[in-house]
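This report concerns only the one structure given below.
The values are calculated or read from the model by the stated rules, or taken from the named source; none is laboratory data. All values derive from a computational prediction rather than experimental measurement. Here the Cβ positions follow ideal geometry from the backbone for every residue, glycine too, while neighbour counts run over all protein chains shown. Keep in mind that these areas ignore ligands, DNA and RNA; they rest on the heavy atoms of the full protein, side chains included. Shrake-Rupley method; radii C 1.70, N 1.55, O 1.52, S 1.80 Å.
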Amino acid sequence: MAITASQVKELREMTGAGMMDCKKALTNTDGDMDKAVEWLRENGLAKAAKKSGRIAAEGIVAVDVSEDGKVASIVEVNSETDFVAKNEQFQTYVAEVAAQVKTSSAASVEEFMAEPWAAEAGQTVDEKLKAMIAKIGENMNIRRFEKIETTGLVVSYIHAGGKIGVLVEADTDSSSDAVKECLKNVAMQIAALNPKYVSSDDVDEDYKEHEKHVLLEQAKNDPKNANKPDNIIEKMITGRLNKELKEVCLMEQEYVKAENKESVGKYVESVAKAEGCTLKVTNFVRFETGEGLEKKEEDFAAEVAAQMQ
């Protein structure tokens, strides 16, 4: 049967596949639209497999928080290029991934990939990802996710269009606008200064002892400390350790928006007092797109030469 231009156009709009591919799919399936979509998916998945070796180190972080602020998810999905990361289709897909993580009980990416894809019946998360790879034409990767469920409150923050995402969990009996604003400010602090712990109470004692030992050796080897008594050196080491912990512990960090150099902990206390509520930051998650991933150095001339051959 003859394939019409309107059929090709309709299939292209449905799948995002190329014009010639759509025509070929319709020809091979006698103009059956559903079978043509499947044909494209099947052939698209084969193409997707070839792309799976490419380094995907761009992408975005997305968050999804329930209306009551009790359940939240954060996910990083990588792409090969920043251009695709800014693509509306890609961003919609990542938002759907974050929404599914929020309702998922998967404990690992592997478990999550085997789940049915909630936004569209008839395929798994893994199959949907491969279909998106075929559609967009770049390797993509659901790299990591976390989910928080709390009796308190979770607030999220996205920086620079998804380059950094943060979830902050607090033990609180209030969900007032002032409390939410406070936690949003704390999330912005986390995005900017990248702390490792909530407070110094969370820092492992072995880590503290190790750092003290390093600082002690540094002090002993400094000629300026040759005649100082042990108790003075001990105070120096404690001071230096506290300064170091202040940089990596959220509650001890200087609150960046404060004019009086108060700590984040003091800022949170002041909001709790003003609102007459319990408010204690207990946990946070910070994802930065591509952190720890090797970014591929593109040699454009070599790539063109390879294609010509």
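Structure above, values below:
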| quantity | calculated |
| --- | --- |
| Filter result for the condition that a residue is open to solvent by less than 30 Å² (accessible area, probe 1.4 Å) and either farther than 30 Å from residue 115 by Cβ or of a type in the set (A, V, I, L, M, F, W, C) (or both), over 150, 172 | 172 |
| Test: residue in segment 256-269 that is small (Gly, Ala, Ser), at pLDDT 90 or above and in a strand (DSSP E or B) | yes |
| So residue 286, is it modelled with pLDDT under 95, in contact with a helix residue (DSSP H, G or I) (Cβ under 6 Å, 6 or more places away or on another chain) and not hydrophobic (A, V, I, L, M, F, W, C) | no |
| Wholly enclosed helices (runs of 4 or more DSSP H) of segment 9-101 bearing at least 2 residues buried (at least 16 other Cβ atoms within 10 Å of the Cβ) and at pLDDT below 80 | 33-51 |
| Boolean, residue 120 is open to solvent by 50 Å² or more (accessible area, probe 1.4 Å), among the acidic types (Asp, Glu) and assigned to a loop (DSSP other than H, G, I, E, B) | yes |
| Candidate set: segment 221-246, residues that are surrounded by fewer than 16 Cβ atoms within 10 Å (Cβ to Cβ) and of a type in the set (Val, Ile, Thr); chosen: the one farthest from the chain's Cα centre (by Cα) | 232 |
| Cβ-Cβ under 7 Å pairs, at least 6 apart or on other chains, segment 261-272 side on the phi > 0 side of the Ramachandran plot, far side assigned to a strand (DSSP E or B) | 261/254 |
| One residue from 218, 189 being more than 20 Å from residue 278 (Cα to Cα) and open to solvent by 90 Å² or more (accessible area, probe 1.4 Å) | 218 |
| Residues (touching a residue at least 40 places away in the same chain (Cβ under 8 Å) and among the charged types (D, E, K, R)) located in segment 136-177 | 138, 143, 144, 146, 147, 149, 163, 169, 171, 173 |
| Any hit, segment 128-139, residues being within 14 Å of residue 73 (Cβ to Cβ) and either open to solvent by 70 Å² or more (accessible area, probe 1.4 Å) or not in a strand (DSSP E or B) (or both) | no |
| Cβ pairs under 7 Å, 6+ apart, first in segment 201-221 and in a helix (DSSP H, G or I), second at pLDDT 85 or above and open to solvent by 70 Å² or more (accessible area, probe 1.4 Å) | 215/240 |
